[in-house]
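Every number here is computed from the coordinates shown, using simple stated rules; none is lab data. All figures in this text were calculated on a predicted structure; none of them were measured in a lab. Cβ: placed from backbone, ideal geometry, glycine included. Neighbour counts: every protein chain shown.
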Amino acid sequence: MATPNPAKGASTRRGFLGRLWLWLGGLAVLEGLWITGSILKPRSNRSAADDDAVVVAGPVDRFDPGTVTAFPAGRFYLSRLDNGGFLALSRSCTHLGCTVPWVEDEGRFVCPCHASSFDCRGEVLSPPATRALDLHPVRIENGVVKVDTSTTITRQAFAPSQVVRS
Amino acid sequence: MADQDHEERERGLMRRVWRSVFPGPVIPATDRERRWVVVNTLLLHLRPAQVPVRTIPFTHTFGLGGMSLVLVLLLFATGMLMMFVYEPSPDAAYASVAGLQDDVLFGGLIRGIHHFSANFLVVVVLMHLLRVYLTGGYHGPRRFNWVIGLALLFGILVGNFTGYLLPWDQLSYWAITISTAMLAYVPWIGEGLQQLARGGPEITDATLIGFFTIHTTVVPAVLIVLMAWHFWRVRKARGVVVPKDAGEVIDGKPETVLFVPHLLTREVALACLLTAVVVVTSMLVSAPLGAEANPGMSPNPAKAPWYFLGFQELLLHFHPVVAVVVIPLAAALFAALLPYLGYREGIDGVWMMSATGRRSGLLAIGFAAVATPALVIADELGSGSPGSATGLTGLMPAVVVAVVVGVVVIALRKVTGAPREELLQAVVLLLFVVLVVLTVIGIWFRGEGMALVWPWEAT
């Protein structure tokens, strides 16, 4: 049975319905992608509202100037500079994310993975790392140092404005 | 037909059941029966009844495609068994794997077979790719199957990579840490990509459950579909490429032999041999399982899984964006477009295209095998540290390498007089050997702090 072949582009009921199905199909695909995306989307498991996100490091005078103190549970180091200011340095190497230990004898952080090293301000001393260690915001309330580990500040290099003083 | 039914009725119940399952001969005795079996058996009918006689010898294909299939089947079988024991959560994963090793009868062997099949598979598929390339099996109707093959390679790498995290030991935890950290170097979307891969900013239970699901569901499903497509495409191209000499023209249909027994026997024999090799290896060497993952302590050195060490090595010498983004993407695009670059007629099936192709190809391989280690050593001596100073100076090293490759191509044309497509082949082989050499350096010649060491000095 030969149905009359409508000219291309001519709007017929059949053509319209066909296109409608195509659009509906496309819509269904988009919906599927949306659902997949929302399932795959990272859910942050630490937020500022969490009790353990803000680490109470201790009173200011517990930390001598020129020392670095590790906080393994908070995954950061609290560095008190010679001038008395504080920096909370993330322990993840900015090269490929290894955990950098503080080497007391050398007075610097040395990454075991690829030998990048950083000074007590987090500044790069030797590559392959190209960026200074990330920071967490430090607050000093009533002479007590608090570090908010839910926020990570990335930076290219050290700047005096990053230091928090009491 | 009526006679047969009558005959069946005569013979009793068991006979009728048997006939319904196996309507024909199970072990064929004549050529007619052999042909019948191939056409009428579910598994065998994926193969043709007759195959070109020149594709039969082992040294044409080395059975690499079939070996890949055997390894994938071993992986499916052992993987399914291990899923009954494994618990995908950071608190329980390590203990469940250790329990599989220690408390389950043959648990260690099962895990070993899975481990070695996975690692052999990467090597075997790469050799399969190389074989297809060298025999010119990517022209004409086989062009798109080359691309499907690359997708399969990608799927296999994803499978290996996601499986690497599952034991949750120090080795796997830090390897995945570094590999996913590489994603952060992608401009603009790097941070997002990294969080997507990890299911969050750090490697946590979200990462593990994600990797587990990809490893045990997504990858197998994708592999099954892609493998079916790959094999079907081989059938549609009338089997593997028929080997021939340069300039030889094969008129009409090539001479064929029966699939059963000529090819099937060889394939089954090879499958048995390979399985035996995997099982014996797993009996002699146990799959590595280090200490439980400790996010507070990175091992020294920390390395990516071995098949990514070529890229980790690049990261020591190039700017991160070049090493992590530009080179891998350019390589993938180049590989996918390879069949479409325009070749002269009649080079399919000719080993390395021609005599000049062979000569220029071998020269390129030799050059890469010597120049790559030399450049790595020069970079290390020049900068005084494994994390090379050139990493900071931007795109210079990449430009230098591009110039070197250009000079090699011009020199090869002068020396061998090879035409365009053979020079292209020389470049492909050169890059392949560079990747292999970098991977070898990354596996065996990088020690503490990623400094260059001899393999016997590395820990």
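So what is the relative contact order of chain B, in percent, for Cα pairs below 8 Å that sit 6 or more residues apart?
Normalised by residue count, the contact order of chain B is 20 percent.
Would you mind checking which residues have amide H under 5 Å from B:Ala287's amide H? H placed 1.01 Å from N; only 5 or more apart, or other chain.
B:Gly112
Under 5 Å between amide H atoms, partner at least 5 residues away or on a different chain: which partners does B:Val350 have, H built in plane at 1.01 Å?
Amide H neighbours of B:Val350: B:Lys244.
Relative to the first principal axis of the alpha-carbon coordinates of chain B, what is the inclination of helix B:170-183, with its axis defined by its Cα atoms, in degrees from 0 to 90 and to the nearest 10?
80 degrees
For the Cα atoms of chain B, what angle does the longest principal axis make with the long axis of helix B:396-416, in degrees from 0 to 90, nearest 10?
Once rounded, the angle reads 50 degrees.
Distance between Cα centroids, the range B:44-110 to the range B:118-173: provide it in whole Å.
14 Å
Do any cysteines of the protein assembly as shown lack a neighbour Cys whose Cβ is under 4.7 Å away, and which are they?
Cys with no partner Cβ under 4.7 Å: A:Cys120, B:Cys272.
Using the Karplus curve 6.51 cos²θ - 1.76 cosθ + 1.60 with θ = phi - 60°, what ³J(HN,Hα) values do you get for each residue of the range B:450-456, in whole Hz, with x for Gly and Pro?
With coefficients 6.51, -1.76 and 1.60, one gets 6, 6, 5, 9, 7, x, 7 Hz.
What angle, in degrees between 0 and 90 and rounded to the nearest 10, separates the Cα long axis of helix A:13-40 from the longest principal axis of the Cα atoms of chain A?
20 degrees
Which whole-angstrom value gives the distance between the alpha carbon centres of the range A:104-138 and the range B:311-368?
Answer, in whole Å: 38.
Output wanted: per-residue J couplings in Hz (rounded whole) for the range B:246-260, from phi through Karplus 6.51 cos²θ - 1.76 cosθ + 1.60, θ = phi - 60°, x for Gly and Pro.
Coupling constants for the range B:246-260: 4, x, 6, 10, 9, 7, x, 7, x, 4, 10, 10, 6, 4, 9 Hz.
Which value at 222 nm does chain A reach when only helices count, each DSSP H run of 4 or more adding -39,500 (n - 2.57), with the total divided by all residues and rounded to the nearest 500 deg cm²/dmol?
-6000 deg cm²/dmol
Which whole-number percent is the relative contact order of the range B:141-252 (Cα, under 8 Å, 6+ apart)?
Relative contact order of the range B:141-252: 34 percent.
Counting Lys and Arg as +1 and Asp and Glu as -1, each charge on the Cβ, what is the dipole of chain B about the Cα centre in debye, to the nearest 20?
Result for chain B is approximately 1720 debye, rounded to the nearest 20.
As a check on your grasp of the helix formula, calculate [θ] at 222 nm for chain B: sum -39500 (n - 2.57) over DSSP H runs of n ≥ 4, divide by the residue count, round to the nearest 500.
The per-residue figure over chain B is -20000 deg cm²/dmol.
Using alpha-carbon pairs under 8 Å, 6+ residues apart, how would you state the relative contact order of the range A:89-166 in percent?
In percent, rounded to a whole number, it is 23.
Report the one residue of B:Ala364, B:Ala246, B:Leu75 whose Cα lies farthest in the direction of the positive end of the charge dipole of chain B (charges on C-beta: Lys and Arg +1, Asp and Glu -1; origin at the Cα centre).
Projecting each Cα onto the dipole axis, the largest value belongs to B:Ala246.
Just to verify a number: FRET efficiency for B:Val415 and B:Trp456, C-beta to C-beta distance, R0 = 41 Å, to 0.05?
With a Förster radius of 41 Å, E is 0.60.
What FRET efficiency comes out for B:Val17 versus B:Leu333 if R0 is 60 angstrom and r is the Cβ-Cβ distance? Round to the nearest 0.05.
0.60
Through the Karplus equation 6.51 cos²θ - 1.76 cosθ + 1.60, θ set to phi - 60°, convert the phi angles of the range B:359-373 into ³J(HN,Hα) values in whole Hz; use x for Gly and Pro.
5, 5, x, 5, 4, 5, 4, x, 4, 5, 5, 8, 6, 4, x
A:Thr69 label point, 7 Å along Cα→Cβ, cut-off 15 Å on backbone N: hits in the range A:117-148?
Of the residues in the range A:117-148, A:138-148 have backbone N under 15 Å from the label point off A:Thr69.
Taking the Cβ-Cβ separation of B:Glu255 and B:Leu44 as r and a Förster radius of 25 Å, what is the calculated FRET efficiency to the nearest 0.05?
With R0 = 25 Å, the Cβ-Cβ based efficiency is 0.70.
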